[in-house]
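Written below as C-alpha cells is the structure these notes are about.
The values are calculated or read from the model by the stated rules, or taken from the named source; none is laboratory data. Quantities reported herein were computed from a predicted structural model and do not represent experimental measurements. Quick reminder, even Gly has a Cβ in these numbers, built from the backbone with ideal geometry, and neighbours come from all protein chains shown.
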C-alpha cells in the first residue's frame, strides 16, 4: 500500500531535472544510481543528476539525509510530478515527502492532488497539506498490518530501506507493539536498523560455468554488517535470478601486499566462515544480519587455523 501525491507541471516543454529536484529540499539525497565504489562514480552521478525525472515504472528513491529510512519515490509522467511513500514508513520519511511535495508545489505556484497512483483527488495548497494528510494513521495501519503478518508461518517481515533491507521478527516487533507510542517505536527501530554503526557491504554476484556465485567482503579493521546465517539474495537481483541457487563466499580483504604486489586476502565458503567465526565477534542487529567487529588478519588466521582458505 502506498500514498501518492501529484503536482502538475505548468511547463510541459521543460520538466525539471533530478538535480533541480534535489535543490528543493535541504539535505535531500538520491539513494539509487552508481555504486560509490565505481571508478567513474563522479561522472556517472553527475550524469544521473542532469537526467530527466524517470517515469513511474522506474521512479527514483529520495529522502532527507539523516531522516530517511525507507525514503520516498519520485517520478514524472503525463505532465505530473508524482511522489509516493510506502506503508508503513517512518516519521522521518513522512517529514521528508511532505516537505518535498510542499516545496515542489510552491515552486510551480500550483496545488497538490492525493491518490492511489491511478487517480488523484483534491486541489490542496502546500499550507493545507499537513492538516489534510493523516500520516500518523497511515503508519499506525502499517504497523498493525506488520503485526498481523508476523506468525509461525511467516516469522520475519522484510522492509526495504534506503541502504539495506531490514528483517524484523516477532520478538523485535513485540517491543514496538508494547510501547506507549508504537508509531515512534517503529520509527526508532527502523532508524536503528538502517543506520548501524558499521559498514554495509553490497552483495557481489557473478556467473561462472552456469553457476551463480555470491560474495560478501569483510575488510580488515572495519566493523561490517553481515548475514549471520545463509544470505538472502538482495531484492534488486531476485527478479533476474528467480529460483537459481547461489553459492555464497566471504572474502576477507586486507591492505597488505604480497611479494608480487597483490593484496593479501582470505576466502571461505560462507558456511565455513559462519562456523569459524567465534560468537563474541558478532553483535546482533536484526533477524538476518549482525555486526562483525573489526578483526585483523592475524585474528582471522587464528579463527581458521584448522581450515585452509
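When 231, 227 are screened for being in contact with a helix residue (DSSP H, G or I) (Cβ under 7 Å, 6 or more places away or on another chain), surrounded by 12 or more Cβ atoms within 10 Å (Cβ to Cβ) and closer than 19 Å to residue 165 by Cβ, only 231 passes. For region 1-23, the set of residues classified as in a loop (DSSP other than H, G, I, E, B) and farther than 27 Å from residue 194 by Cα consists of 9, 10, 11, 12, 13, 14, 15, 16, listed by residue number. Within region 161-189, being exposed (fewer than 14 other Cβ atoms within 10 Å of the Cβ) and assigned to a loop (DSSP other than H, G, I, E, B) holds for 180, 181.
Exactly one residue out of 56, 29, 95 is surrounded by 13 or more Cβ atoms within 10 Å (Cβ to Cβ) and either free of Cβ contacts under 8 Å to residues at least 12 places away in the same chain or touching a helix residue (DSSP H, G or I) at 6+ places or on another chain (Cβ under 8 Å) (or both): that is 29. Of the residues making up region 8-19, those that are modelled with pLDDT of 90 or more and either out of contact with any helix residue (DSSP H, G or I) (no Cβ under 6 Å at 6 or more places or on another chain) or within 14 Å of residue 55 (Cα to Cα) (or both) are 8, 9, 15, 16, 17, 18.
All conditions in (1) surrounded by fewer than 14 Cβ atoms within 10 Å (Cβ to Cβ); (2) modelled with pLDDT of 95 or more hold for residue 208, with the sole exception of (2). Assessment of region 169-186 against the conditions (touching a strand residue (DSSP E or B) at 6+ places or on another chain (Cβ under 6 Å), under 30 Å from residue 265 (Cβ atoms) and at pLDDT 95 or above) yields no matching residue.
Confirm whether residue 112 is in contact with a helix residue (DSSP H, G or I) (Cβ under 8 Å, 6 or more places away or on another chain) and under 29 Å from residue 195 (Cα atoms). It is false that residue 112 is in contact with a helix residue (DSSP H, G or I) (Cβ under 8 Å, 6 or more places away or on another chain) and under 29 Å from residue 195 (Cα atoms). State yes or no: is residue 122 at positive phi, outside any loop (DSSP other than H, G, I, E, B) and in contact with a helix residue (DSSP H, G or I) (Cβ under 9 Å, 6 or more places away or on another chain)? Against the criterion (at positive phi, outside any loop (DSSP other than H, G, I, E, B) and in contact with a helix residue (DSSP H, G or I) (Cβ under 9 Å, 6 or more places away or on another chain)), residue 122 qualifies. Number of residues in region 272-309 that are part of a helix (DSSP H, G or I), in contact with a strand residue (DSSP E or B) (Cβ under 6 Å, 6 or more places away or on another chain) and closer than 24 Å to residue 247 by Cβ equals 3.
Taken over region 143-157, the criterion of being part of a loop (DSSP other than H, G, I, E, B) and within 23 Å of the chain's Cα centre (by Cα) is satisfied by 150, 154, 155.
For residue 4, the conditions (1) within 20 Å of residue 126 (Cβ to Cβ); (2) buried (at least 16 other Cβ atoms within 10 Å of the Cβ); (3) in contact with a helix residue (DSSP H, G or I) (Cβ under 8 Å, 6 or more places away or on another chain) all hold with the exception of (3). Only a single criterion out of (1) within 20 Å of residue 224 (Cβ to Cβ); (2) modelled with pLDDT of 95 or more; (3) surrounded by fewer than 16 Cβ atoms within 10 Å (Cβ to Cβ) is not satisfied by residue 202, namely (2).
Within the option set 261, 239, being assigned to a loop (DSSP other than H, G, I, E, B) and surrounded by fewer than 16 Cβ atoms within 10 Å (Cβ to Cβ) holds for one residue only, 261. Residues that are at pLDDT below 95 and either closer than 28 Å to residue 199 by Cβ or in contact with a helix residue (DSSP H, G or I) (Cβ under 6 Å, 6 or more places away or on another chain) (or both) within region 125-149 comprise 126, 129, listed in sequence order.
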